[in-house]
1. Taking the stated definitions as given, is Ile35 on the phi < 0 side of the Ramachandran plot, within 16 Å of ligand 2 (Cβ to nearest atom), modelled with pLDDT of 95 or more and not charged (D, E, K, R)?
2. Can you tell me which residue in the stretch 65-84 is nearest to ligand 3 (Cβ to nearest atom), limited to those that are part of a strand (DSSP E or B) and among the hydrophobic types (A, V, I, L, M, F, W, C)?
3. Would you check if Leu58 is part of a helix (DSSP H, G or I) and either modelled with pLDDT of 95 or more or within 12 Å of ligand 3 (Cβ to nearest atom) (or both)?
4. Listed residues Gly72, Gly61, Gly77; which is within 16 Å of ligand 1 (Cβ to nearest atom), loosely packed, with under 14 Cβ neighbours inside 10 Å and closer than 20 Å to Ala177 by Cβ?
5. Please list, ordered by first then second residue, the pairs with beta carbon atoms under 8 Å, 6 or more apart or interchain, first in the stretch 2-28 and free of Cβ contacts under 8 Å to residues at least 40 places away in the same chain and under 24 Å from Gly131 (Cα atoms), second within 16 Å of ligand 3 (Cβ to nearest atom) and of a type in the set (D, E, K, R).
6. Take the conditions out of contact with any helix residue (DSSP H, G or I) (no Cβ under 6 Å at 6 or more places or on another chain), free of Cβ contacts under 8 Å to residues at least 40 places away in the same chain, farther than 18 Å from Pro250 by Cβ and polar (S, T, N, Q) and apply them to Ser65. Does it pass?
7. Restricting attention to the stretch 113-130, and to residues there that are touching a residue at least 24 places away in the same chain (Cβ under 8 Å) and surrounded by 13 or more Cβ atoms within 10 Å (Cβ to Cβ), which single residue is nearest to Asp13 (Cα to Cα)?
8. Quick one: how many residues across the stretch 138-183 are part of a helix (DSSP H, G or I), in contact (Cβ under 8 Å) with a residue 24 or more places away in the chain and more than 20 Å from the chain's Cα centre (by Cα)?
Amino acid sequence: MIYDLHTHSNASDGILTPEALVSRALVRGVTHLAITDHDTLSALPQAYSHAKASGLDLISGIEFSTQWRGRGVHLVGLNMDLSGPSLLAAVHSQAEARTTRALEIARRLEKLGIPDVWAGARQFAGSEALGRPHFAQYLMHKGYVPSMQAAFKKYLGAGKAGDVQQCWLEPEEIVAAITDAGGIAVLAHPLKYSLTHTKLRALVTDFSEWGGQAMEVISGQQNSMDTQLMARVAQQYQLYASCGSDFHVPDRPWQELGAFGKLPESCTPVWRSWQ
Ligand code: MN
Ligand code: MN
Ligand code: MN
């Protein structure tokens, strides 16, 4: 059995449709899949009907954005009841936060004399929520910058006109929304925040206090030292261990569906909590 409990479809920043994601997971030998799009559950209805027909066990999922001590941190929710009112309210609030921010970015860029920023960037977003990469694409398309990188450097990066703070829900609120819906809150990819060991432990301590119950011991391909370290932290804080590829696109072998190491024996896999 292969559990991949962190993946993205084109409902957020992945490129596969929910159906194509399910199909690819099957081909890759995944038996249990969670689709965890950023701040949205919208891929799940489609994915469910496709998974049911093909014998894949689909677990409901989401990846919430939040902030901890001024840093972006991601919290995954797994195995939730999708009709949970506080879960739906949280999703709604995050969508509003994205829209408010995107409108402010558009307003600021237009103030610099760039026309039709909102509608222009919208064209690059498709079904995704509007974010900075779409503004970057528009700026490039209009010839204001030669590359995405330049767009961030000149207009969207730290300290530039389009650098607008996100107003995400507090992490406590997100953990509560996931838990109220009968789900498990998972601290996503703890090694990706560039924290010192001391800060990492402070984050995990806070996360446990918010009521978080699991952490990703494995996120995509990582070395065994990191896996052992994460397993020790999970054990120390009595957190369930999760694992996932963080799959977004098919051409990144280090984030391929189901392609990562096994959870160490010392871990209690998160799926035990719902079996
Ligand atoms: Mn992503
Ligand atoms: Mn993430
Ligand atoms: Mn992710």
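The values are calculated or read from the model by the stated rules, or taken from the named source; none is laboratory data. What you see is a predicted model, and the numbers here were worked out from it, not measured in a lab. So basically every Cβ, Gly included, is an ideal-geometry build from the backbone, and we count neighbours across all protein chains shown.
1. Values: on the phi < 0 side of the Ramachandran plot: yes; within 16 Å of ligand 2 (Cβ to nearest atom): yes; modelled with pLDDT of 95 or more: yes; not charged (D, E, K, R): yes.
Here the answer is yes, as Ile35 does meet what is asked.
2. The residue in question is Val76.
3. Values: part of a helix (DSSP H, G or I): no; either modelled with pLDDT of 95 or more or within 12 Å of ligand 3 (Cβ to nearest atom) (or both): yes.
Answer is no for this residue.
4. Values: Gly61 fails: loosely packed, with under 14 Cβ neighbours inside 10 Å; Gly77 fails: loosely packed, with under 14 Cβ neighbours inside 10 Å.
Checking each option against the conditions leaves just Gly72.
5. Close Cβ pairs satisfying both conditions: Ser9/Asp37.
6. On the way: out of contact with any helix residue (DSSP H, G or I) (no Cβ under 6 Å at 6 or more places or on another chain): yes; free of Cβ contacts under 8 Å to residues at least 40 places away in the same chain: no; farther than 18 Å from Pro250 by Cβ: yes; polar (S, T, N, Q): yes.
So Ser65 fails the test.
7. Glu128
8. The first filter runs over the stretch 138-183 and keeps only residues part of a helix (DSSP H, G or I), leaving 138-141, 148-156, 171-180.
Narrowing the set further to residues that are in contact (Cβ under 8 Å) with a residue 24 or more places away in the chain leaves 139, 155-156, 171-180.
Next, from what is left, pick out any that are more than 20 Å from the chain's Cα centre (by Cα): 139, 155-156.
Residues meeting the conditions: 3.
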